[in-house]
Amino acid sequence: MSAAGNYEQIADAVVARTAEVLRAAVTVTDERGIIVASSQRGAKGLPYALARTTRALPWLRVPLSCGGHCGEVLVAEPRGGEPVSPRLAQALIELTIGQTAVVDQLPNRRDLKNTLIHDLLRGAIGDETALMREAKILGMDLSPPRAVILIDASDFVLQAAGDDDAATAQRQAERVIASIVRFFKLPNDTICADLGDGEIAVLKASNTKNLESWAEGGAERDEPGASWANLTALKRASAGLLGRLRADTGAAISIGIGRYHPGLRGLAQSYQDARAALSLGRSSQGRNQVHCLDELGIAAFVGVADETTKLDLALHLLSPLDHEPELLDTVETFFAADCSPSVTANRLAIHRNTLGYRLAKVAALTGLDPRHFDDAVQIRLALALRALHPRRPAPEAAEARDAA
């Protein structure tokens, strides 16, 4: 808040409290003698000398100074016939000024929530138990599994506010957050924070129960318990949210989705996923869309810097073929033959129609058709990453192998 705004806020508080206790007309002026707050309607903005209805001097004058601004508190003689000591009245006014100034300097609940979530998403976590307790005090339950939905509403938030109007930007961001909470209908399951510059983070409860409304219809490819679990439902929820936000704001909106990662520290990883998806998606696919790493195509493999994330993406894209060794062998042979159907069929000793059937099945299972260039590049990159970083066998597989 600006110094002038702070002075006016303190003036309003002093007028309200003093007029109530003393039962008197109270006015606060600035250094020019202009009224900035008054218990008399219609007086604000006028010079005090013109606004007075009587030529009598004020019963009490108390100087007011705040943030480089100064003025006076002017009190008319109290009404009601009760005797009031001027010294006691002055002490009351000075106490009200001091209390209002101190309270104004304290961060409010919204700012504390934004700061906590900001630190959480950037991995600045100390004692997790203390953080959970602090979140509870602020009305946030961080115990359910959560994934990050990152919203770019900069067109709506910043263009309306201009370069230096922080108060307007804050109000616009609050309108976006209110729209998000109304959409999900369950405020306790949807934690939002204004990250600044028009970005809003949503910590969405991402377990099956909380995404049930969006899990119906369509085949799910999610692996239970994995970082990609319930991602399909989360995409549907985000698509619905995008429609609501665009209708409510009338502005361009973009959304990036992060995967679920376990634990409080996993929220920072989910945020990085969402941030990468949003940045790469806006560049490669445009705005007014929902972006997720597994739908960015080649851009995800090229643009994501974190090798672990790229390997996770590769394993996710190839996971439908984990139990289809024949299809994997077919795809690898197809690439080794420079995507020539006749050469591939000869090498596999199968009919070309059989090859076509197998490649079509790969496309149906993975959503990527090896006969299309961009899809083929993604599959090829995923295969190369998986070959460079072979997965260790699951514990049950290792036990079975050792027993054999």
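Report in % the part of the accessible area of the chain that belongs to carbon and sulfur, leaving out ligands and nucleic acids; probe 1.4 Å.
Its accessible area is 52 percent carbon and sulfur atoms.
Compute the acute angle (0 to 90°) between the alpha-carbon long axis of helix 86-105 and the principal axis of greatest extent of the alpha-carbon atoms of the chain; round to the nearest 10°.
The answer is roughly 10 degrees.
Taking the mean number of other Cβ atoms within 10 Å as a proxy for protection, how do you rank 93-100, 39-46, 313-320, 346-353 from highest to lowest?
313-320, 93-100, 39-46, 346-353
Spelling out what I want: for every residue of the stretch 14-30, take phi, set θ = phi - 60°, compute 6.51 cos²θ - 1.76 cosθ + 1.60 (Karplus), and round to whole Hz; glycine and proline get x.
The phi angles translate into 5, 4, 4, 6, 5, 4, 5, 6, 7, 6, 9, 6, 10, 9, 10, 10, 9 Hz.
In Å², what does the accessible area per residue of the chain work out to with a 1.4 Å probe? Write down the numbers at each step before the final one.
Numbers: 21400 Å² over 404 residues.
Averaged over the residues of the chain, the accessible area is 53 Å².
For the stretch 235-241, take each phi angle, set θ = phi - 60°, evaluate the Karplus expression 6.51 cos²θ - 1.76 cosθ + 1.60, and give the result in whole Hz per residue in order, putting x for glycine and proline.
Residue by residue, the stretch 235-241 yields 5, 5, 4, 5, 5, x, 5 Hz.
Hey, can you rank 369-380, 260-271 by average C-beta count inside 10 Å, highest first?
Order by mean packing, descending: 260-271, 369-380.
Of the peptides 328-335, 138-145, 24-31, how do they stack up when ordered by the mean number of other Cβ atoms within 10 Å, highest first? Write down the numbers at each step before the final one.
Details: 328-335: 18.8, 138-145: 14.9, 24-31: 22.0.
Averaged packing, sorted descending, gives the order 24-31, 328-335, 138-145.
Helix 109-121 versus the longest principal axis of the chain: what is the Cα-based angle in degrees, 0 to 90, to the nearest 10?
30 degrees
In nm, to one decimal, how far is the modelled label at residue 351 from the one at residue 132, with both set 7 Å along Cα→Cβ?
Placing both labels 7 Å beyond Cα along the Cβ direction yields 6.1 nm.
Using a Förster radius of 25 Å, what is the FRET efficiency between residue 118 and residue 159 based on their Cβ-Cβ separation? Nearest 0.05, please.
The computed FRET efficiency comes out at 0.60.
Give the total of Lys-Lys pairs in the chain with Cα-Cα distances below 22 Å; include a pair only if its members are 8 or more places apart or on different chains.
Qualifying lysine pairs in the chain: 12.
The values are calculated or read from the model by the stated rules, or taken from the named source; none is laboratory data. This one's a predicted model, so the numbers in the text were calculated from it and none came from an experiment. Every residue, glycine as well, gets a Cβ built from its backbone with ideal geometry; the counts of neighbours run over all protein chains shown. Note: areas computed on protein heavy atoms with side chains; ligands, DNA, RNA excluded. Shrake-Rupley method; radii C 1.70, N 1.55, O 1.52, S 1.80 Å.
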